[in-house]
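First up is the structure itself, then whatever we jot down about it.
What follows is calculated from the coordinates using simple rules that are stated; it is not laboratory data. Not measured: the values here are computed from a predicted model. When we count neighbours, we look across all protein chains shown, and the Cβ atoms used for this are built from the backbone with ideal geometry, even at glycine.
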Amino acid sequence: PTVRIGGDVAERFEKVPHPAPMLSLANAFDEDDLRAWRERIKRLLSDDEIAELAYVVEPKFDGLTVVLHYDEQGRFVLGATRGDGDVGENITANLRTVAQVPLQIPVPTNSGLMPPARLVVRGEAYVEKAAFDAFNRERAQADERTYANPRNFAAGSLRQLDSGVTAQRPLKIWAYQILLLAGEPAPPGTHSASLDYLRDFGFPVSALTERFSDDAFEDLVEYVGQFGAARHDLPFEVDGIVIKVDSLAQQAKLGFTGKDPRWALAYKFPGEEAVTDLLDIVINVGRTGAVTPNAVLAPVQIGGVTVRSATLHNEDSVSYTHLRAHETS
Ligand code: IVH
């Protein structure tokens, strides 16, 4: 713990330029969007390239994007937020407190590997659903502000000026992209090999990735549907699935339009809504006298959980005709 936590409380976060633009992703909302994307890509590739064309499908993690920099000795030297895509904020002290962020690569148990001259990794900081619910329950009992969703929790926890506060938060990370790699070993040629590379160096990489050749595109479409149906069983939130062209040379050839790479696509799962009866409104008076109204609902299944209550203190999300359940019990 003394290696991870320490230093002064920051007054504000310094700005840090990213070594490469932190691109975002174009969205697809149905199967036809996926097929149209495939056709667009194939029009830009040669027959030889199409013969080799393959895709990697992975979860779209719902958290806060982080950028992790390592020096020639494999030390974690800088961690940043995405910011506007070109310049982020320096949150190194906070990221050091996240146990899954390797402070030294390769991790000491992976002997034989040497650190590259420079490595910059992109990933997502997140919180598991169970840890998030437990955290919010404790906060509610102590009459403290709760977070609306795991994404806000991750962002709020990593933008603390006192890293001692971040250290108390159950944050985790997934690494999913090499932004920059210099020196030996040679950079991998495919996205799937990049994920293996990151895993070997000690980064947490999701095992929920699947590779499909272009010939098997309809299997990919089916997989996306199955993944969506089963996503509520995962211990963390995903708001979609990302499909990427596997070959990095093909990615470079496809390039990007504006801020979105042509070689990747985010398939967004539709938000879920349900209709139920409002049975009662219960007013809780906290220790400090804070009053919070709660809706008692006829139990309704949504997103894989049974919702029986909803907070009503946020007027923006409550209206006579449309009540959304944010919290579950
Ligand atoms: S790839 C150039 N892969 O989703 C491609 N992004 O709308 C860069 N995200 O904030 C992104 N999971 O940080 C990629 N498996 C994943 C992801 C992922 C979550 C985030 C990303 C960005 C947003 C894009």
#### Entry: Estimated Rh, segment 44-124: Kirkwood, alpha-carbon pairs, angstrom
15.0 Å
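Could you list the square roots of 5 times each eigenvalue of the Cα gyration tensor of segment 113-182, that is, the equivalent ellipsoid semi-axes, sorted largest first and rounded to whole Å?
With the √(5λ) rule applied to segment 113-182, the semi-axes are 31, 12, 10 Å.
Val275 to Leu113: extension gain in nm, 0.36 nm per residue of separation minus the Cα-Cα distance?
Roughly 52.8 nm would be gained on extension.
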### Task
Compare Gly202, Gly271, Gly88 in a GNM of the chain, Cα atoms joined below 10 Å, and give the one with the largest fluctuation.
Gly271
### Given 15 as the ceiling on other Cβ atoms within 10 Å, longest exposed-site-free region of the chain for GluC sites (Glu not before Pro) in DSSP loops
145-271
### Query
If only Cα atoms are counted, what is the Rg of segment 1-143, and what is its Dmax, in Å?
19.9, 63
### Cα pair count fraction exceeding 15 Å, expressed as % - segment 203-244
46 percent
### Query
Sorted from fewest to most neighbouring beta carbons within 10 Å, what does the list Leu171, Leu53, Leu208 look like?
Leu208, Leu53, Leu171
### Task
Quick one: net charge around Ala99, please, counting Lys, Arg +1 and Asp, Glu -1 for every other residue with C-beta under 15 Å from its C-beta.
+3
### Task
Mark the label point 7 Å from the Cα of Ala298 along Cα→Cβ and return the residues of segment 275-290 whose backbone N is within less than 15 Å of it.
275-280
#### Entry: Histogram of C-alpha separations across the chain, 20 Å bin width, %
27, 54, 18, 0
### Sum of side-chain charges, Phe236 neighbourhood, beta-carbon under 15 Å (Lys, Arg +1; Asp, Glu -1)
-2
### Task
Give the longest segment of the chain that steers clear of chymotrypsin sites (Phe, Trp or Tyr not before Pro) in DSSP loops with at most 13 neighbouring Cβ atoms within 10 Å, not counting the sites themselves.
30-319
### Message
Suppose every Lys and Arg Cβ carries +1 and every Asp and Glu Cβ carries -1, with no other charges. What dipole size does the chain come out with about its Cα centre, to the nearest 20 debye?
### Response
940 debye
#### Entry: Listed residues Ala54, Leu312, Phe135: farthest to the positive end of the dipole of the chain (Cβ charges)
Phe135
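Net charge around Ser213, counting only other residues with Cβ within less than 10 Å of its Cβ (Lys, Arg = +1; Asp, Glu = -1)?
Net local charge, Ser213 excluded: -4.
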### Summary
If each part is reduced to its alpha-carbon centroid, segment 80-105 and segment 236-294 end up apart, in Å, by 22 Å
